Every structure is written in structure tokens, then in C-alpha cells.
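The values are calculated or read from the model by the stated rules, or taken from the named source; none is laboratory data. A quick note: this is a predicted structure, and the numbers were derived from the prediction, not measured. Cβ atoms come from the backbone with ideal geometry, glycine included; neighbour counts cover every protein chain shown.
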Amino acid sequence: MLVCSVSIRPQRHTVTADVVEVAEALDNPGSGTLFVTLADNPGNARDLLDAFLGQQMVEAANATDTLDALSAHPASLLEEISAAVAVQDASLNAATVWATFDPAMSSSVTLSGGNLIATNTGKVPANQGASVASVNARSSGKYYFEATFITITGGANLGVGIGTTTSTYSGLGGSATTGNNGLGSGTIWANGASTGISIGAYSNGQVAGVAVDLTNRKIWFRHSPSGNWNNNASYNPATNTGGITIPSGAMVPFVTFGGSGGQANNVVAADFGASAFSGAVPSGFMPGWPIGLGGTVTETATAVSTEDATTAPATVPRDGMIATAMINSDGTVRQANADGTMVNL
């Protein structure tokens, strides 16, 4: 009898078929397997491994919603930082120190009301006035301030405007030499000559609004709160339309008295930002004339790294300072104070 030994060869599969089979098994597991349904197609080997171990993977919507796909920090992390920065901005803005008239710069004038109210003391000399300290002169930026003509007794040189730190009150009041002056008569003068523009004479209690754009070297005057800028309804500081040219040099606000027909006891009160204005501040202009490091705060909050929120602080640039926000392990935010202490936000 003939006996034959027969070996059965294993079934052959192509590599492509194996890959397809594995992929189908991952995306469509049956009951009783180790796999769980993926929320979205896995994007990398780490996702595949997590799926094999039975962990539900949810794809992040975008980079700003999560700092790390494996992080336990909430998706609202950046929003929390932004809100904290906004609170800091509000506090900083409230703490801004605004300018006043400098007693050392005044001439034949009595200052009162926290050095914001100027009263001239006589008919002569022509060089009567008060100004902000020269250390607070500005050569760029946009600023808005107001001046109230509390009492007008007379004098051709009565006015309010801006001038260089070397300007004289007689020069500014007479023809706005090296500056710009809106006189109590309503006529606007610039750099030694009349502009031919008049916004109408002021009377007791009326307010002058002054918008100063030192970036574009333009200035606007109006009867606040609703008068036309430079006596033209189409002129607008916010759009840099219809401004009067400002001479070169760093500028400070001032008030002038005296001159032809001068009378004592004219009273002008300035508002450089410490009190509410009677009129709306033009868009893009700082509400006042700040001193020192005061200025517009630009709110930005950007994580240094998106890989590990526990070690990556968010630095917040602002005028003259850097604020730092650190992320706690539970996802909350803490701030580094100037004295080195930390406080949870």
C-alpha cells in the first residue's frame, strides 16, 4: 500500500490586504475587542496607540482651543488669560497720572484746584500764562484735553492750545509762535499767523475741546461737546481730516492771558484727563495728557509655548512693563506681581 505525506501550504495574503484589514478593524471594531470607536480618524501613531489601549480620543478643534492634545487644561485657558489681562488693563488705566499746570512754569498767574485752574493776576505784562511741565512734552501720539473758560474779563491774548517747551506766553498769545492757540475770541492761530478759521467766541462757562495728533502733526479745536471741529462739519480728528498743521518740536498744553486790553482775573480750568470730559474723545485719541509712563495699554496675551501649559508663561507687553501670567496645574491662572509675589486670578 502506498502512503503519501501531504503538506498544506498556508494561505497567502498581500501586504495591501493586511493593511486594509487592520485599518477596518481599528475604525470598525466588533463587540468583545480591545478597541473603542475613534471620534475621528487617528492623525498619528500616538492616537493609534491610545485607541489600542481603549482610550477615547477626541480631536482638538484648533491650536488655540488646547495647549496640548494630552493636557488636562480646559479649552478656555486662553480666554481666562485674556480676561485676567483685561482686568489688569482696567486697573492700570485707572491708575494713570494725568498732567497739571506746572507752578514753576507759570507767569503772573495763580494756580488752584490741584494746579488745574489758572487765574491771571493783572493787566500786564503780556507774558502771562501757565503750561504743563516740559518733562511731560510729547512729540508723538494722539491726545485730547479740554479747557473751561470759567470767567472771561477780557484780553486779546486769552487762549488755550499747545506750544514748545521754549515758547513764551506773549509769543503764543499774540500769534501762536512755535505753537497753536485757540483764542477766547474763537480765532485759531498757528505758528505765527492767523489760520483764518474762527469757531466763534467763548463766553463764561463754555468749554474748548482740543484734539492733538502729534504723529501726523495736526490739531483741531471746537466748542465742546458738539461743536464742529475747526468750524467744519466734515473735519474729523479720528480720520485726520481738516487738521491745522502743528509746528515741529515736542509740545505741551498751555493757557495764555494778558496782551492788548488785558484784564485781571480771567479764570481757565484745564481737564487733562483726571475728570470726565464734556465731549466725546475722538476715536484713536488718548483721553487726556498723561505723565511719566502713562499711556494707551495694548492688550495681548500669547502663550510662549503650546506644548506644556504648566511651564509656559504668557507674557503681556504693555507700555514700559511686562506682566506675566502662569498656568497652575488645575488650569487656573496666577499673576506675577512687581514685588515678586504671586496671586491667583
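The figures follow:
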| item | result |
| --- | --- |
| Selection count, the range 214-244, where residues are crowded, with 18+ Cβ neighbours inside 10 Å and more than 21 Å from Leu183 (Cβ to Cβ) | 2 |
| Qualifying residue in the range 202-217 (condition: within 21 Å of Val281 (Cα to Cα), free of Cβ contacts under 8 Å to residues at least 40 places away in the same chain and not aromatic (Phe, Trp, Tyr)) | yes |
| Gly196 being part of a loop (DSSP other than H, G, I, E, B) and at positive phi | no |
| Qualifying positions in the range 145-178 - assigned to a loop (DSSP other than H, G, I, E, B) and within 32 Å of the chain's Cα centre (by Cα) | Thr165, Thr166, Ser167, Ala176, Thr178 |
| Options Ala126, Ala130: the member that is buried (at least 19 other Cβ atoms within 10 Å of the Cβ), assigned to a loop (DSSP other than H, G, I, E, B) and assigned by TED's automatic domain parsing to the domain that holds Gly182 | Ala126 |
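Results for (1) of a type in the set (A, V, I, L, M); (2) within 22 Å of the chain's Cα centre (by Cα); (3) farther than 24 Å from Ser194 by Cα; (4) part of a strand (DSSP E or B), shown as yes or no for each residue.
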{"residue": "His223", "(1), (2), (3), (4)": "no, no, no, yes"}
{"residue": "Gly227", "(1), (2), (3), (4)": "no, no, no, no"}
{"residue": "Ser234", "(1), (2), (3), (4)": "no, no, no, no"}
{"residue": "Ser248", "(1), (2), (3), (4)": "no, no, no, no"}
{"residue": "Ala264", "(1), (2), (3), (4)": "yes, no, yes, no"}
{"residue": "Val268", "(1), (2), (3), (4)": "yes, no, no, yes"}
{"residue": "Ser283", "(1), (2), (3), (4)": "no, yes, yes, no"}
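Conditions tested, residue by residue: (1) part of a loop (DSSP other than H, G, I, E, B); (2) surrounded by 24 or more Cβ atoms within 10 Å (Cβ to Cβ); (3) not polar (S, T, N, Q).
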{"position": "Asn180", "(1), (2), (3)": "no, yes, no"}
{"position": "Ala201", "(1), (2), (3)": "yes, no, yes"}
{"position": "Thr256", "(1), (2), (3)": "no, yes, no"}
{"position": "Ser260", "(1), (2), (3)": "yes, no, no"}
